[in-house]
1. If I model a spin label as a point 7 Å beyond the Cα along the Cα-Cβ vector, how far apart are those points for residue 161 and residue 456 in nm?
2. When 387, 341, 307, 544 are ordered from fewest to most other Cβ atoms inside 10 Å of their Cβ, what list results?
3. Find how many whole Å separate the alpha carbon centroid of segment 442-481 from the alpha carbon centroid of segment 127-143.
4. So, by mean Cβ neighbours within 10 angstrom, what's the order for 428-436, 116-124 with the highest one leading?
5. List 361, 47 from most exposed to least, where exposure is judged by having the fewest other Cβ atoms within 10 Å.
6. What order do you get for 314-320, 175-181 when each peptide is scored by the mean count of other beta carbon atoms within 10 Å, highest first?
7. Could you grab the relative contact order for segment 291-429? Cα pairs under 8 Å, six or more apart, rounded to a whole percent.
8. Rank these for me by crowding, 183, 293, going from fewest to most other beta carbons within 10 Å.
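Rule-based calculations on the coordinates, nothing more; no lab input. Predicted model, so just to flag it, every value in this text is computed and none were measured. All Cβ positions, even for glycine, are placed from backbone atoms using ideal geometry, and neighbour counts span all protein chains on display.
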């Protein structure tokens, strides 16, 4: 039992010693991986804290010893590291906590230290920049002085120029007053002369009317006297009375014949040119870049349209006009059009200037537009954008096309048009338009004669006319002719062109509708087209509504083609 107990004790002791060894080994292994601060960090912390508290206590005691001197001279000691943590305690502010006061003081001190460091760093740079800045200040001062000198010179020159201009203006005003006075004087003189002329003309017409009335009375008396003489000579017993009456008749007839001749030669006024009539039709045009839509869907500018082109609505272009702009262009929905051009608005034709959306362009913009363009169309209408405009002929009256075409029935040519065809605008072109072949010679005032195809807008013609429009006409479906007109001196003039109604003037005699006269000799189209394969005819629009061709024949301009046949 003792042996067993001893053995058991040994086993327990060995086992116990084994567990202690394992624990020691475990603790050794655990502490082998720890650093010094892991093992003794708390001791170090408490040691440092103790030292800090001792130092703090030492400083606190020192501050208490020097409390009053430091407080009195706080400005010199506020950035001392010894006193900075105790700034609130030393100064003891009333409205600020000690901690906040100490923090503000620390911020101030840090800023001062940084400023001192930066100032010491920037001193060399300041030393270098100072003379440079001084030099620039000197240059700026010099420039400022120069500017002031120029300012004084400019002010002096302005005063001199203003003084000169004032004196010139004073002289011009005096001169202008003189010119206005002279103009007013000349206007008064002209008014006096005009009044005198009209007074004299009124007296002349009064005398002429009185003499004419007296002449009529004398003629009536002589006719009555002649009847009495005839009756008296028929009866023998009254031959004595008849002889006396015959003597009286001859005595009155001879001076009356002289008086009548004098009145016819001396007092009769015969104008050299025909009196001016009403203005010709047409004149409404568009700016050259106005878009025109063709039947094939393409869009071209109106200045590029040519005769024979088919427009969007099926209308065929029969003539193309280039016209001089007279500063009356305006804008209607971005369409530049002349004021007098007719446009459809609310179912009625109105001049463009009467359209509520029309805006007249200023003079500067008008001056930029030298030429305007227009078309003559078989439908007599031009569609542009959302608007419908009349073509050049301005046939806007109800039944106007019908009234023109109806006159074709009275032409001495075979015109097979009746019924609804009388309302067809294409016949206006075929039977009422006219033109001349391109080689027709036009007389110019101060230049050599020129072919009509080479005449340009602004040319001055022989009669003092100015060309204000050029017309290019499609001659494919116009009656062709060649006419010979005999002048007063039996000089033969030839006119070759197309149309039934070109107005021609022979001396004082007007010849209208040469197709109806005996002076016309017709040509075949092939013969006429020999000089113009494209069958283009030309016409002009002039300020006097006529011009001279082929050396002496006066013809009306393009507008006369329709004006003569216009229904009253």
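1. Output for this residue pair reads 4.0 nm.
2. On the way: 387 17, 341 27, 307 21, 544 14.
Placing the least packed residue first, the sequence is 544, 387, 307, 341.
3. So the two Cα centres are separated by 79 Å.
4. Details: 428-436: 24.0, 116-124: 9.8.
Packing order, densest peptide first, comes out as 428-436, 116-124.
5. Going from sparsest to densest Cβ surroundings: 47, 361.
6. Details: 314-320: 21.0, 175-181: 10.3.
The packing order, highest mean first, is 314-320, 175-181.
7. Numbers: 222 pairs, mean separation 29.4, N = 139.
Reported relative contact order: 21 percent.
8. Numbers: 183 10, 293 15.
In order of increasing Cβ crowding within 10 Å: 183, 293.
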